[in-house]
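Taking it in order: structure first as structure tokens, then the write-up.
The values are calculated or read from the model by the stated rules, or taken from the named source; none is laboratory data. Nothing here was measured: the structure is a model prediction, and the numbers come from that model. Don't worry about glycine lacking a Cβ; one is built from the backbone with ideal geometry, like all the others, and counts go over all protein chains shown. Each accessible area value is taken on the protein alone, full model and side chains, heavy atoms only, with ligands, DNA and RNA left out. Shrake-Rupley method; radii C 1.70, N 1.55, O 1.52, S 1.80 Å.
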Amino acid sequence: MTQSNIERLLEKGVFVVTSECGPPKGADAEAVRKKGSLLKGVVDAVNVTDNQTSVVRMSSFASCLILKEMGFDPILQMVCRDRNRIAIQSDILGAAAHGINNILCLSGDHQSFGDHPGGKNVFDIDSMQLIQTVRTMRDEGRLIGGEEVKGRPNLFIGAAENPFADPFEIRAMRLGKKVKAGCQFLQTQCIYNLEKFGKWMEMVRERGLHEKCAILAGVTPLKSAGMARYMKTSVPGMDVPDELIDRLKGVPKEKQAEEGIKICVEMIQQLKEVPGVRGVHIMAIEWEEKVAEIAKAAGLSPRPEA
Amino acid sequence: MIVGNRKPLEEIQEMIKPYKKILILGCRECITVCAAGGEREVAVLASELKLSRTKEGREIEIKEFTLERQCDYEYIDQIKPFVDEYEAVVSMACGAGIQYTAERFPQKIVLPAINTTFLGVTLEQGVWSERCQGCGDCVLHLTGGICPVARCAKSLFNGPCGGSSNGKCEVNKDTDCAWQLIVDRLKTLGQLDRYEDIIPAKDWKPSREGGPRVRIREDLRLD
Ligand code: SF4
Ligand code: SF4
């Protein structure tokens, strides 16, 4: 066992709630604290993104420390785009030394999406190999190169999966590989298509993966019909059914945000009933003030003592 | 083959600005096949440069010459008798050929007219596509004959990432997702079970060991 709050709660059978905090594009610690204060008492752990969409921001590690000072149990997100195996392992050791208990292993968005499309990507290892690396460092006390680790990083290991990406048929198999590599909790891409998610979960359950790895279902409230349409057409691997867009279009513009929140709450309530789903990951990008409202309406507050 | 593109005319014009007598040197290997630096392209570049210099009122003398190969001294030496008559050589070979010409004539200015891009294939007349990055440790037997290094935008060894959609890569809707291709091919071959194996962190030593890689076949050496 690690010191992770979510690992402890999952072990007790609690339906966990996580959210995320995107660090600012600057050295403003106050901005991190401000976002953190919106999530205080609302979530069991908070993800801290790592230069998400390849846009330079305050590092995940540094922002994690700020949130930790506020009493959070942060989840350090780490992508393989910007660091080679030397930097990755060194950052893992540093984070664990500072009492970070959770890591989320990701490949990372391609740099062409971000503010430095001319940068050179690294991808020395991929997300699967990153999971393997953390597990080997923690459980066997060894680095990729074979050297011994003195002071093992005791991290609860997570990953992400997109149940809606292609090829659909291997998506559960791919999760199986991640679990084999050492993944203990999984946060999914935001779910709008419950039916397809259900099919994916079926494949996950067939393989018994939900028993070896805690599946946290991802949700993102839609602010407007325009945002829904944008997500559908412009975000690769995002599945937004037309009925949902129509439902948002069916209410006046100034009421769409409210409707989006309602949809999100309903989604969480339905996800809670899906066998094998053990928590929810609420990603309200630049709309963090709504997380508390959503969690409350979905019957997920208050949270158990950390 | 090695694929390259000719540099834009303006860039070449800028490089040759100081010179009045140049030699444009093509190559008959890959760069001819990909229609970037063979005899024909040498002629086109020569006439474009002459025309533009005539317009500027600064005439230029250009010799056109195309070698069998620019990656072999045996052939490069063919220009030995006359190379000194020219102030600069504009090479239309791949990056290897350009460098080898420069190595052979250390006193000579050798300028690149080609942007060398990739190791690839001819998809159709006039279309070439990358297939290999020369990583030095081929894994094609594990990935259904499709290269994850060169063809996945993130060089993932355990793809596909979450951005793979309708067979296309998240980076570009016109680019096939390499991992969709790999999964499809493994299925065709009845080897989808291989997908379940985790490919461990790659040893990049054969690729980026440090400095240029050298290959030696002792049995073929002369001394
Ligand atoms: S695995 Fe390496 S050697 Fe094989 S095709 Fe890909 S880049 Fe080339
Ligand atoms: S979409 Fe496919 S090709 Fe593109 S980065 Fe992801 S796995 Fe690689």
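Any idea which of B:Thr101, B:Thr122 is modelled with pLDDT of 95 or more, in contact with a strand residue (DSSP E or B) (Cβ under 8 Å, 6 or more places away or on another chain), crowded, with 16+ Cβ neighbours inside 10 Å and among the hydroxyl-bearing types (Ser, Thr, Tyr)?
On inspection, the qualifying residue turns out to be B:Thr101.
Is it fair to say B:Ile146 is within 16 Å of ligand 1 (Cβ to nearest atom), farther than 20 Å from A:His110 by Cα and hydrophobic (A, V, I, L, M, F, W, C)?
Judged against the criteria, B:Ile146 is a match.
So, of the residues in region A:135-186 that are acidic (Asp, Glu) and within 11 Å of another protein chain (Cβ to nearest Cβ), which turns out to be least open to solvent (accessible area, probe 1.4 Å)?
Restricting to residues being acidic (Asp, Glu) and within 11 Å of another protein chain (Cβ to nearest Cβ), the top hit is A:Glu161.
Of all residues in region B:167-182 being in a loop (DSSP other than H, G, I, E, B) and surrounded by 22 or more Cβ atoms within 10 Å (Cβ to Cβ), which is farthest from the other protein chains (Cβ to nearest Cβ)?
The residue in question is B:Cys177.
Looking at (1) within 8 Å of another protein chain (Cβ to nearest Cβ); (2) exposed (fewer than 14 other Cβ atoms within 10 Å of the Cβ), can you tell me which one B:Pro206 breaks?
The single condition B:Pro206 does not satisfy is (1).
Sort out for me the strands (runs of 3 or more DSSP E) sitting completely within region B:103-166 that have 3 or more residues that are within 24 Å of A:Pro167 (Cβ to Cβ) and within 15 Å of the chain's Cα centre (by Cα).
B:127-132
On the given criteria, is B:Pro212 in a loop (DSSP other than H, G, I, E, B), surrounded by fewer than 18 Cβ atoms within 10 Å (Cβ to Cβ) and within 10 Å of chain A (Cβ to nearest Cβ)?
no
Do we find that B:Ala150 is closer than 21 Å to B:Arg185 by Cα, touching a strand residue (DSSP E or B) at 6+ places or on another chain (Cβ under 9 Å) and open to solvent by less than 70 Å² (accessible area, probe 1.4 Å) in this structure?
Answer is yes for this residue.
Does B:Glu61 satisfy the condition of being surrounded by fewer than 19 Cβ atoms within 10 Å (Cβ to Cβ) and touching a Leu at 6+ places or on another chain (Cβ under 7 Å)?
no
Condition (residue is under 15 Å from A:Lys177 (Cα atoms), without any contact (Cβ under 8 Å) to a residue 60 or more places away in the chain and more than 8 Å from ligand 2 (Cβ to nearest atom)) applied to region B:178-190: is it met by at least one residue?
Yes, some residue in region B:178-190 is under 15 Å from A:Lys177 (Cα atoms), without any contact (Cβ under 8 Å) to a residue 60 or more places away in the chain and more than 8 Å from ligand 2 (Cβ to nearest atom).
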